[in-house]
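Just below is one structure, and these are the notes that go with it.
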Amino acid sequence: EEEQPTRKPFCVGRDFFEHYRLRMRGLKKERFYVACLDQQHRLLGDELVSEGTLTQALVHPREVFNPAIRLQAAAVAVIHNHPSGDPAPSREDKALTKRLREAAELIGIRLLDHVIIGDGAYTSFVEAGLL
């Protein structure tokens, strides 16, 4: 009987940064991904839900939670880049996270983190006390 390889769980913001940083390096537009996770925070799949402009990506909660519902995820994390290289959250990032947290509570899927990737650095909303 073949043993299935174990998938490493995502425990902290740095785990998301390490997984997504190469995918987002050098991008000129914001890209916004949702990572769908099982009960043990292992990745079930991810999806690009928005590609925006130099300064913003328009994201709606239904686009974030659609893949999560389809994959029967227990939790999600959202990850996006700042082409400027500065991973500090904008006012819009904070407002979006609040809306996503409210939607997550309504549908029963945990919002695990919102990670912003900059030039060799990241901001985790959980680690920064914003979520």
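From the residues in the stretch 62-92 that are assigned to a loop (DSSP other than H, G, I, E, B) and in contact with a Lys or Arg (Cβ under 7 Å, 6 or more places away or on another chain), which one is farthest from S124 (Cα to Cα)? Walk me through it before giving the result.
Pass one, the stretch 62-92, residues assigned to a loop (DSSP other than H, G, I, E, B): 71-74, 82-90.
Filter again for in contact with a Lys or Arg (Cβ under 7 Å, 6 or more places away or on another chain), leaving 74, 83.
Details: A74: 20, P83: 17 Å.
Within the stretch 62-92, the match that is farthest from S124 (Cα to Cα) is A74.
For (1) open to solvent by 20 Å² or more (accessible area, probe 1.4 Å); (2) modelled with pLDDT under 95; (3) over 23 Å from R25 (Cα atoms), each residue gets a yes or a no:
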residue: Q39; (1), (2), (3): yes, no, yes
residue: P67; (1), (2), (3): no, no, yes
residue: R70; (1), (2), (3): yes, no, yes
residue: V76; (1), (2), (3): no, no, no
residue: H80; (1), (2), (3): no, no, no
residue: P89; (1), (2), (3): yes, no, no
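Within the stretch 93-101, does at least one residue satisfy the condition of being over 13 Å from the mean Cα position of the chain (by Cα) and either touching a residue at least 40 places away in the same chain (Cβ under 8 Å) or in a loop (DSSP other than H, G, I, E, B) (or both)? Please lay out each step first, then the result.
Of all residues in the stretch 93-101, those over 13 Å from the mean Cα position of the chain (by Cα) come to 94-95, 98-99.
Next, only the ones that are either touching a residue at least 40 places away in the same chain (Cβ under 8 Å) or in a loop (DSSP other than H, G, I, E, B) (or both) stay: none.
Checking the stretch 93-101: not a single residue is over 13 Å from the mean Cα position of the chain (by Cα) and either touching a residue at least 40 places away in the same chain (Cβ under 8 Å) or in a loop (DSSP other than H, G, I, E, B) (or both).
So, of the residues in the stretch 47-61 that are farther than 14 Å from H114 by Cβ and not in a loop (DSSP other than H, G, I, E, B), which turns out to be modelled with the lowest pLDDT?
In this case the residue turns out to be E51.
The values are calculated or read from the model by the stated rules, or taken from the named source; none is laboratory data. Model, not experiment: these values are computed from the prediction. Quick reminder, even Gly has a Cβ in these numbers, built from the backbone with ideal geometry, and neighbours come from all protein chains shown. Note: areas computed on protein heavy atoms with side chains; ligands, DNA, RNA excluded. Shrake-Rupley method; radii C 1.70, N 1.55, O 1.52, S 1.80 Å.
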